[in-house]
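No lab work stands behind these numbers, since they all come straight from the coordinates. Because the structure is a prediction, the values reported are computed rather than measured. All Cβ positions, even for glycine, are placed from backbone atoms using ideal geometry, and neighbour counts span all protein chains on display.
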Amino acid sequence: MSADHQATLIDGKAVAAQIRAQVAARAAALAERGVRVGLAAVLVGDNPASHTYVRMKRKACAEVGIESFYHALPKDISQAELEALIDSLNARSDVHGILVQLPLPAHLDEQRILSLISLAKDVDGFHPLNIGRLAMKGREPDFLPATPAGVIRLLEAYGAPFTGADAVVLGRSNIVGMPCALLLTKRDCTVTICHSRSRDLPQIVRRADILVAAVGRPHMVQGDWIKPGAFVIDVGTNRISDQSAKDGSRLVGDVDFEAAQRVAGAITPVPGGVGPMTIAMLLENTVTAAERSLQ
Ligand code: GUN
């Protein structure tokens, strides 16, 4: 790469706006048939980031004509009470999708809660059966988890070469890293999953034609870790202090963007990359759930 090389900027805001417009049209078509698309958003406790995410998701619902039903629950709610709420949402015909914002407080059994969500309403794709299908050849989940699905959509939109490519996923979370790795495997990439215990991370990352960084460590991935021409998807949303910013802080990714964009072929900014896609994919899954409910 020449000294003044600049990677293509992967514009998640623009791709997400297109998806939201399609979702709005599909929701309007359903409304003509008498179906108001509905998403139930369940939030337990007072995690500030979770509150922000749920507020953004509900606002996005309103903008595309999806009704959201908000259930904000105290952090000490019992397992039985939360299970009863899920049962009641499963039974409601005006709720097409159920979103339980994660993480849940430690005393709650997350796996059991997620497994109680009706498969037809599992718009987050976190039901163990859907995750299991994602991991199996020749099987397809009913819904894909939103952030991983958004990552793949961005790579598609910018022409990433999946088949045979070396893909490296940094991070192995249930919500992002692991499902991303499974999706890339389904696309015939050769996938390496790295994590905090991996040896010689830079050397592994340098092999990546496609890099997905989802570790939550600000600027961990250095410019000289990037293979020239690589597709770099930065899922990190880390708040760091910045006295020059209005509120004294700003969001940065897991990748040193300034350095990486001089080497990469294409790269997502933070903010404005994966973030808007996560919400768009949730909306898309919800309208899909509503369409299927008519079949
Ligand atoms: N917590 C972090 N990301 C997500 C997400 O995509 N869905 C839910 N339900 N919780 C999350």
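Annotations
- Summarised as an ellipsoid, the stretch 141-295 has semi-axes of 26, 21, 14 Å, derived from the eigenvalues of the Cα gyration tensor scaled by 5 and square-rooted, with the largest first.
- Under 5 Å between amide hydrogens, built in the peptide plane, is the criterion, and for residue 191 it picks out 167 among residues at least 5 positions away or on other chains.
- Bridge type composition, the chain - antiparallel percent by DSSP, nearest 5: 10
- Take every pair of alpha-carbon atoms less than 8 Å apart whose residues are at least six positions apart; their mean separation over the length of the chain yields a relative contact order of 23 percent.
- Theoretical FRET efficiency, 1/(1+(r/R0)^6), r = Cβ-Cβ of residue 109 and residue 173, R0 25 Å, to 0.05: 0.85
- A convex hull fitted around the alpha carbon atoms of the stretch 44-195 yields 127 Å³ per residue.
- In this structure, the pairs whose alpha-carbon distance is over 29 Å, taken from 13/227; 13/75; 57/137; 186/227; 59/246, are 13/75; 57/137.
- Computed on the stretch 49-171, with alpha-carbon pairs under 8 angstrom and 6+ residues apart, the relative contact order is 16 percent.
- Translational diffusion of the chain, µm² s⁻¹ [Kirkwood Rh, Cα pairs; Stokes-Einstein; 4 °C; 1.567 mPa s]: 65
- Cα pair distances in the stretch 90-136, grouped into 10 Å bins until the bin that holds the longest one, percent each: 26, 53, 21, 1
- The per residue volume of the convex hull around the alpha-carbon atoms of the stretch 1-88 is 154 Å³.
- For the stretch 239-295, trypsin sites (Lys or Arg not before Pro) meeting the loop criterion (DSSP other than H, G, I, E, B) and having at most 11 other Cβ atoms within 10 Å: 246.
- For the pair residue 88 and residue 13 in one chain, pulling the backbone fully straight at 0.36 nm per residue adds 23.5 nm over the alpha carbon distance.
- Using C-alpha pairs below 8 Å separated by at least 6 residues, the relative contact order for the stretch 180-295 is 22 percent.
- Near the amide H of residue 173, within less than 5 Å, lie the amide hydrogens of 178, all on another chain or at least 5 residues away, with H placed in the peptide plane.
- The phi torsions of the stretch 238-248, fed into the Karplus equation with coefficients 6.51, -1.76 and 1.60 and a -60° offset, translate into couplings of 10, 8, 10, 6, 8, 5, 7, 8, 4, 9, x Hz, rounded to whole numbers, with Gly and Pro shown as x.
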